[in-house]
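The values are calculated or read from the model by the stated rules, or taken from the named source; none is laboratory data. This one's a predicted model, so the numbers in the text were calculated from it and none came from an experiment. Here Cβ is always computed from backbone atoms with ideal geometry, including for glycine, and neighbour counts include all displayed protein chains. Keep in mind that these areas ignore ligands, DNA and RNA; they rest on the heavy atoms of the full protein, side chains included. Shrake-Rupley method; radii C 1.70, N 1.55, O 1.52, S 1.80 Å.
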Amino acid sequence: MSDVPILEVKNVSKYYGGLGAVVDVSFSVNGGEILGIVGPNGAGKTTLFDVISGQARVSSGDVLVDGQSVVGISVNSRSRQGVARTFQQPTVAVSLTVLENMLLAANFRRSKGVGVGDTRSVLEIAHDYLRFVGLDAKSEEISGTLRVFDTKRLMFGTALALGPRVLLLDEPFGGLSLHEIAATIELINRSRDDDMAVVCIEHVMRALTLLADRVHVMHHGATIFEGSPEEMLANDRVIEVYLGSRHRKAAS
């Protein structure tokens with residue numbers, strides 16, 4: 001794991017009228033590190049991702065990728081700066097084949113100059129990432145016919161194919177079976193790279209505690225805790241507002 005932060009979120013707030021969806025949130029994520037973002041529904045987690053990725057304009061504060069502010073630039077420009085995102089609901093081009101979805105991502109990777117000196121063609125890059133996520137045998141299937149697990153793997157693969165410096169994963173385990181969750185944890189861990197910082201929103205606590213190096217807990221838009229998964233499970237404030245008493249018993 002690198003000791004240099006790739007993503008820095010500095011005193012970020014997002015207000016809708018007088019409502020603070022995100023209030024003065026700060027954290028950093030190093031290369032090779034996975035930071036978990038948790039909290040009750042309405043805590044501001046997805047809004048935070050919207051602000052980082054450019055879907056929502058920040059009210060105050062700053063977001064830096066490799067030390068350079070991305071505040072004020074478009075979603076597409078942030079993608080070119082290295083920010084990639086997956087969504088709670090699997091989001092792919094449903095009328096295209098699995099391979100065509102991956103080709104779009106691989107072509108974008110090439111157009112922004114990722115992997116200078118890489119002699120692979122766009123087609124080779126696309127097939128490499130399909131193999132990485134385990135979808136090479138389904139390359140000619142129409143993406144809209146895939147089951148949830150396969151669609152999530154495709155979405156994850158296309159995000160990786162973009163060559164991100166920052167990868168934002170929004171509930172990657174939602175709707176998956178225990179076997180599929182285990183396979184997804186393995187896939188995310190295999191994608192760890194000192195050149196990429198990963199931030200993961202998740203409600204499946206068992207999976208997140210296995211995956212995350214640190215956890216950032218939000219409530220009513222604000223930070224209430226940051227630390228290791230083990231420390232989170234034993235924290236009285238986190239137990240009170242989010243985890244519930246059963247986690248206190250498990251931690252003891």
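Tabulated data for the structure shown
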quantity: Tabulated pairs, the range 25-52, first farther than 19 Å from His203 by Cβ and free of Cβ contacts under 8 Å to residues at least 40 places away in the same chain, second β-branched (Val, Ile, Thr) and assigned to a loop (DSSP other than H, G, I, E, B), C-beta under 7 angstrom, 6+ apart or interchain; calculated: Val51/Val58
quantity: Single residue of Leu169, Leu135 found to be open to solvent by less than 60 Å² (accessible area, probe 1.4 Å) and either in contact (Cβ under 8 Å) with a residue 60 or more places away in the chain or under 17 Å from Arg85 (Cβ atoms) (or both); calculated: Leu169
quantity: Selection status of Arg246, among the basic types (Lys, Arg) and modelled with pLDDT of 95 or more; calculated: no
quantity: Residue in the range 93-102 that is crowded, with 19+ Cβ neighbours inside 10 Å, part of a loop (DSSP other than H, G, I, E, B) and in contact (Cβ under 8 Å) with a residue 24 or more places away in the chain present; calculated: no
quantity: Flag if Asn189 is among the polar types (S, T, N, Q) and open to solvent by less than 30 Å² (accessible area, probe 1.4 Å); calculated: no
quantity: Number of positions in the range 138-162 that are open to solvent by 20 Å² or more (accessible area, probe 1.4 Å), touching a residue at least 24 places away in the same chain (Cβ under 8 Å) and of a type in the set (Val, Ile, Thr); calculated: 3
quantity: Subset of the range 112-128 that is in contact (Cβ under 8 Å) with a residue 12 or more places away in the chain and not in a helix (DSSP H, G or I) - its residue that is surrounded by the most Cβ atoms within 10 Å (Cβ to Cβ); calculated: Val114
quantity: Residue tally, condition aliphatic (A, V, I, L, M) and in contact (Cβ under 8 Å) with a residue 60 or more places away in the chain, over the range 53-73; calculated: 1
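Yes/no per residue for (1) crowded, with 18+ Cβ neighbours inside 10 Å; (2) more than 14 Å from the chain's Cα centre (by Cα); (3) closer than 18 Å to Ala197 by Cβ; (4) of a type in the set (Asp, Glu):
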residue	(1), (2), (3), (4)
Gly20	no, yes, no, no
Phe27	yes, yes, yes, no
Ile34	yes, no, yes, no
Pro40	no, yes, no, no
Gly44	yes, yes, no, no
Thr47	yes, no, no, no
Val65	yes, yes, yes, no
Gly72	no, yes, no, no
Ser79	yes, no, yes, no
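Each row is one residue, and each column tells you yes or no for (1) outside any strand (DSSP E or B); (2) open to solvent by 50 Å² or more (accessible area, probe 1.4 Å).
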site	(1), (2)
Pro164	yes, no
Ala183	yes, no
Val217	no, no
Glu230	yes, yes
Ile239	yes, no
